Amino acid sequence: MSTTEKKISYTTTNTYQTLNSLKNTTKNIWIVLHGIGYLSRYFITYFDTLPVDENYIIAPQAPSKYYVNNKYRRVGSSWLTKENTALETENVLNYLNEVYKQENITKQHNVIILGYSQGVSIASRWVCYSKIPCNHLVLYGGILPNELTKDDFSDLVKNKTKITFYIGDKDEYITAAKRILEQEKINLLFDAKANVIIYDGEHAIKKNIIETLV
């Protein structure tokens with residue numbers, strides 16, 4: 001018996017969440033990419049202590065949803081898996097590009113792109129492959145994709161984009177040994193211009209850290 005994998009293109013629709021309003025007083029536009037197991041409508045609440053008149057938050061939604069346990073009540077989502085990663089990355093980036101286009105983001109605002117956990121791999125791929133400009137790239141509690149190179153990040157470095165990594169010293173997914181390797185990779189990829197902050201804590205997003213970014 002032989003099987004053949006085929007490919008088809010079709011149109012699909014996805015949602016995303018926003019917090020506050022984009023208006024004349026807005027200083028910062030945030031595009032925040034959640035981790036595995038989240039839904040965007042819950043993830044966006046981590047940003048609800050930021051000054052309302054100055055911050056507009058956009059939280060895209062990962063496309064693959066699933067029940068997180070056998071009680072079939074709580075729903076989570078995932079951006080990618082190891083299955084057909086290149087194809088799924090293309091789909092996710094196409095979606096993010098449409099979100100970016102629909103929101104009419106301009107250079108007059110301070111644009112902060114934040115990826116948390118699995119969202120780190122999406123945020124970093126997005127700015128590299130789609131050449132999305134931002135003033136501050138925040139990569140929090142996640143690992144950079146292995147396929148990205150120094151050349152992929154060269155535009156960010158050249159444009160003097162602020163780049164900040166947050167890693168918890170008790171993060172159960174990033175061991176001390178892995179943290180050392182990741183810091184070496186970060187220094188190489190960003191020409192030693194990224195700021196790596198090791199905070200006291202586990203694998204969790206913290207409002208007090210978010211508040212320091214503005």
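Give a quick list of GluC sites (Glu not before Pro) in segment 158-214 that DSSP marks as loop, anything other than H, G, I, E or B, with at most 14 other Cβ atoms within 10 Å. Mind showing how you got there, number by number?
On the way: sites: 172, 182, 184, 202, 211; in loops: 172, 202.
The qualifying sites are 172, 202.
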Exercise for the section: Restricting things to alpha carbons, tell me how big the chain is in terms of Rg and Dmax, in Å. Expected result: 17.4, 64
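If you take every residue apart from residue 77 with its C-beta less than 12 Å away from the C-beta of residue 77, what net charge results, scoring Lys and Arg +1 and Asp and Glu -1?
Values: positive: 41, 65, 74; negative: none.
That works out to +3.
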Problem - At most 15 other Cβ within 10 Å, DSSP loop - GluC sites (Glu not before Pro), segment 1-105 - result: 5, 54, 83, 103
Completion exercise
DSSP beta bridges in the chain: the antiparallel percent, rounded to 5, is 25
Fill in the blank from the handout: So for R0 = 25 Å, FRET eff. of residue 5-residue 66 from the Cβ-Cβ r, to 0.05, ends up at 0.70
Practice task
Rank by packing, highest mean first: peptides 151-162, 128-139, with packing defined as the count of other Cβ atoms within 10 Å averaged across residues.
Solution key: 128-139, 151-162
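Using alpha-carbon pairs under 8 Å, 6+ residues apart, how would you state the relative contact order of segment 55-214 in percent?
Details: 201 pairs, mean separation 25.3, N = 160.
16 percent.
Cβ neighbours within 10 Å, averaged per peptide: list 6-19, 69-82 in order, most packed at the top. Don't jump to the answer; show the numbers that get you there.
Values: 6-19: 9.9, 69-82: 12.8.
Those peptides, ordered most packed to least, come out 69-82, 6-19.
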Problem - Solvent exposure of the chain as accessible area per residue, Å², 1.4 Å probe - result: 57
Handout entry: Cβ-based net charge around residue 111, under 12 Å, with every Lys or Arg adding one and every Asp or Glu removing one
Key = +2
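Local charge sum around residue 129 (other residues, Cβ-Cβ under 14 Å, Lys/Arg +1, Asp/Glu -1)? Mind dumping the intermediate values first?
Values: positive: 125, 131; negative: 88, 90, 147, 151, 152, 155.
Cβ neighbours under 14 Å give a net charge of -4.
What is the magnitude of the charge dipole of the chain about its Cα centre, with +1 placed on the Cβ of each Lys and Arg, -1 on the Cβ of each Asp and Glu, and no other charges, expressed in debye to the nearest 20? Before the final figure, lay out the partial values.
Working: 25 positive and 22 negative charges, 67 e Å.
Here the chain has a charge dipole of around 320 debye.
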Practice task
First compute the accessible area of segment 66-214 with a 1.4 Å probe, then give the percent of it belonging to carbon and sulfur atoms.
Solution key: 49
Fill in the blank from the handout: Pairs over 19 Å Cα to Cα, from 162/185; 23/162; 65/170; 101/206; 160/193; 101/162, come to 23/162; 65/170; 101/206; 101/162
Problem - Inter-label distance, nm, simple model (7 Å from Cα along the C-beta direction), residue 102/residue 27 - result: 2.9
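The values are calculated or read from the model by the stated rules, or taken from the named source; none is laboratory data. Just so it is clear, the structure is predicted and the values come from calculations on it, not from any experiment. Every residue, glycine among them, receives a Cβ derived from its backbone with ideal geometry; neighbour counts consider all protein chains shown. Just so you know, the surface numbers come from the protein's heavy atoms only, side chains and all, with ligands and any DNA or RNA stripped out. Shrake-Rupley method; radii C 1.70, N 1.55, O 1.52, S 1.80 Å.
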